[in-house]
Amino acid sequence: MTRTALITGITGQDGYYLSRLLLEKGYRVVGLVPPSRLGSVAKLGDLAEKVDVCPVALTDADALIESVYALKPTEIYNLAAPSFVPASWEDPLGTLDLITGTATRLLKATRQLGLDTRFYQASSSEIFGEVQSSPQTSQTPFCPKNPSGAAKLHAHWTMVHHRDRYNLFACSGILFNH
């Protein structure tokens, strides 16, 4: 049986490398791309022909449920986020909705459909803010200093809550500058 990976943020740097890795491992890779950003699929280069693309607004709960139902992904990787952190000040609510809202809607879809999907949320070092020492550890306090970091922290805790309350495989990876 072919495993299906659903990726939001597939056209970014992390989405590109993750897609390449998963394709090498024999996965079917599907990118959820907002219709207004379909042109950015070309950034995937040669991978653009090897992945499937579903145009869907990540803020549309019904469209996400339909996509998850149709694809029945083995794994979901939520990498969607604004690519330029300072821009999150221009639309803090939109940033929160894109990052945490998308994660929450996708988790709800897998729950409603009764799928045993593994969920990965891309978090960020922005959740730590201005730290007093390095490297950060599990003891480093969270103190985001911008709307993007706050949204990533909210999504991070959303994974914890869904794991605890619904016994879902939901985890975060804290990505640093890359």
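Can you compute the label reach from F176? Point 7 Å from Cα along the Cβ direction, backbone N cut-off under 16 Å, restricted to the range 76-119. So the set is empty, nothing qualifies. Computed from Cα atoms, the angle from the helix 102-113 axis to the main principal axis of the chain rounds to 50 degrees.
The distance between label points at R37 and T137 comes to 3.6 nm (points 7 Å beyond Cα on the Cα→Cβ vector). Set the Förster distance to 35 Å, then compute FRET efficiency between F84 and R111 from the Cβ-Cβ distance, nearest 0.05. For R0 = 35 Å, the calculated efficiency reads 0.65. Model label points for E130 and D97, set 7 angstrom from Cα along the Cα-to-Cβ axis, are 3.2 nm apart.
For R111, R20, the sequence from fewest to most other C-beta atoms within 10 Å is R111, R20. The value for the chain of Rg(Cα) / (2.2 N^0.38 Å) is 1.00.
Using only Cα atoms, find the angle between the long axis of helix 147-166 and the longest principal axis of the chain, and express it within 0 to 90 degrees, rounded to the nearest 10. That works out to roughly 70 degrees. Ordered by the count of other Cβ atoms within 10 Å of each Cβ, fewest first, V30, V160, V56 give V160, V56, V30.
No lab work stands behind these numbers, since they all come straight from the coordinates. Values in this document were obtained by computation on a predicted structure and should not be read as measured data. Cβ sites come from the backbone with ideal geometry, for glycine too, and all protein chains shown count toward neighbours.
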